[in-house]
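*Asks:* The structure that follows is given in the form of structure tokens.
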Amino acid sequence: MSYDYRGRIIAITGGAGGIAGAFMPEAARRGARFAVIDLRGDRAERVAASLPGTGHRAYPADLTVEDDVRRLIDDLGRDLGRLDVLINNVGMSSSERFDERDVASIRRELEVNLLSPLITTRLAIPLLRASRDPRVITTVSLGGIFPLGETPIYTASKFGLRGAMLAIGLDLAAKGITVSSVLPSATDTPMLRQEAVEGGNSMQFQDPPQPPAMVAAAIARLLDKPRLEIYPRYSESLLVRFGTMFPNLLPRLMRLFRAKGERGMATYRARLEADGMAVRTAHGWELTDKGRDGASAADGAR
């Protein structure tokens, strides 16, 4: 690792989720101080208190509420003075099909996945400019490249987020701020578990979900060697990018992959059941408290 974490101040949204939980401990051991930002203030407090080192703080905030974001930035400025790294990690998904869901849920998903990272980044610019080496890293998704038919609003939000962060990266590079994105495939977090038990997007289960540590390692690589994008599973990104070169073939490709994805989702559910994270009920599947780990798909925590 070449990035020097000593004394660096890192703010991470979705800070009580699985990806943040995999990234923060090692960075804290190397000397970073964290602002743990999450909708669930009690969870953020516990995570901040559990990190190695000192100086970590928890900040409860609903990032879909502009006043909350402005208050958050004011608090970060007062308490910390600057940000060296902002990691936009908040996200959500829904298993509701497009023709069945209400308009309010569509707006909510776009606000969480697309608008909140953009607004948080914009309002944090003054704190980033106070750093000698400011960075912004955003967790996007391979769903920002490949359309997921069962979750079109998630696809829309991630397509938009990927494009925005590429454009912002090009714009801010000349102004001294490095902007990068990590594009993971399905990751074994409470958000994915919830989607699996609800019978969500089977296309995500072509291969076993990756552990959050793989995404955390990709974030660390972006700090070591900045670039616009990185893929935790590079081979999967090649397949996805190839598929989108021929959009008119997507209906045929979807038929080929759906059966494999459904088998993969069934295998994943069986593993959750064996690990005590999910149970079968008369109405289908449900997560246990262990599987939820205090989060849900609507919480905005990965």
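*Asks:* What are the residues in the stretch 1-54 that are buried (at least 23 other Cβ atoms within 10 Å of the Cβ) and among the acidic types (Asp, Glu), if any?
*Replies:* Asp38, the sole residue that qualifies.
*Asks:* Please enumerate the residues belonging to the stretch 191-208 that are within 15 Å of Arg233 (Cβ to Cβ) and under 17 Å from the mean Cα position of the chain (by Cα).
*Replies:* Leu192, Gln204
*Asks:* Can you tell me which residue is surrounded by the most Cβ atoms within 10 Å (Cβ to Cβ) among those in the stretch 210-239 that are in a helix (DSSP H, G or I), touching a residue at least 60 places away in the same chain (Cβ under 8 Å) and aliphatic (A, V, I, L, M)?
*Replies:* Val215
*Asks:* If you don't mind, there's one more thing I want to ask. Which pairs have Cβ atoms under 7 Å, sit 6 or more apart or on different chains, and link a residue in the stretch 48-63 that is more than 19 Å from Tyr5 (Cα to Cα) and modelled with pLDDT of 95 or more to one that is assigned to a loop (DSSP other than H, G, I, E, B) and of a type in the set (Val, Ile, Thr)?
*Replies:* Leu63/Val90
*Asks:* How about the stretch 205-235: which of its residues are hydrophobic (A, V, I, L, M, F, W, C) and under 21 Å from Ala173 (Cβ atoms)?
*Replies:* Listed by number, the residues that qualify are Ala218, Ile219, Ala220, Leu222, Leu223, Leu228, Ile230.
*Asks:* Within the set of pairs 6 or more residues apart or between chains, which connect a residue that is at pLDDT 75 or above inside the stretch 240-252 to a residue that is among the hydrophobic types (A, V, I, L, M, F, W, C) and not in a loop (DSSP other than H, G, I, E, B) with Cβ atoms less than 7 Å apart?
*Replies:* Partner pairs satisfying both residue conditions: Val240/Leu142.
*Asks:* Let me ask you something else. Of the numbered conditions (1) more than 20 Å from Pro117 (Cα to Cα); (2) in contact with a Lys or Arg (Cβ under 8 Å, 6 or more places away or on another chain); (3) not hydrophobic (A, V, I, L, M, F, W, C), Ser94 satisfies every one except a single condition; which is it?
*Replies:* Exception for Ser94: condition (1).
*Asks:* Among the candidates Ala16, Ala11, Ala28, single out the residue that is out of contact with any helix residue (DSSP H, G or I) (no Cβ under 6 Å at 6 or more places or on another chain), touching a residue at least 40 places away in the same chain (Cβ under 8 Å), within 23 Å of Ser180 (Cβ to Cβ) and aliphatic (A, V, I, L, M).
*Replies:* Exactly one residue qualifies, and that residue is Ala11.
*Asks:* Looking only at the stretch 189-198, count every residue that is outside any helix (DSSP H, G or I) and either polar (S, T, N, Q) or touching a strand residue (DSSP E or B) at 6+ places or on another chain (Cβ under 7 Å) (or both) and tell me the total.
*Replies:* Total satisfying the criteria: 1.
*Asks:* Which of the residues spanning the stretch 279-293 are among the polar types (S, T, N, Q) and surrounded by 10 or more Cβ atoms within 10 Å (Cβ to Cβ)?
*Replies:* The one that is among the polar types (S, T, N, Q) and surrounded by 10 or more Cβ atoms within 10 Å (Cβ to Cβ): Thr288.
*Asks:* Scan the stretch 133-160 residue by residue and report those that are modelled with pLDDT of 95 or more and out of contact with any helix residue (DSSP H, G or I) (no Cβ under 8 Å at 6 or more places or on another chain).
*Replies:* Within the stretch 133-160, just Asp133 meets the criteria.
*Asks:* For the subset of the stretch 76-128 comprising residues that are surrounded by fewer than 18 Cβ atoms within 10 Å (Cβ to Cβ) and polar (S, T, N, Q), which member is nearest to Val215 (Cα to Cα)?
*Replies:* Applying the filter and picking the extreme gives Ser95.
*Asks:* Same structure again: For the stretch 275-294, give me each residue that is within 30 Å of Leu39 (Cβ to Cβ) and either assigned to a helix (DSSP H, G or I) or without any contact (Cβ under 8 Å) to a residue 60 or more places away in the chain (or both).
*Replies:* Asp275, Gly276, Val279, Arg280, Thr281, His283, Thr288, Asp289, Lys290, Gly291, Arg292
*Asks:* Can you tell which of Gly163, Gly176 is at pLDDT 95 or above and in a loop (DSSP other than H, G, I, E, B)?
*Replies:* Criteria check complete, one pass: Gly176.
*Asks:* Against the definition (of a type in the set (S, T, N, Q) and buried (at least 22 other Cβ atoms within 10 Å of the Cβ)), how does Thr139 come out, yes or no?
*Replies:* Here the answer is yes, as Thr139 does meet what is asked.
*Asks:* Only residues that are assigned to a helix (DSSP H, G or I) and among the hydroxyl-bearing types (Ser, Thr, Tyr): list them for the stretch 115-131, please.
*Replies:* Ser116, Thr120, Thr121
The values are calculated or read from the model by the stated rules, or taken from the named source; none is laboratory data. In this text the structure is predicted, and so the values were computed from the model without any measurement. Positions of Cβ are backbone-derived with ideal geometry, glycine not excepted, and every protein chain shown enters the neighbour counts.
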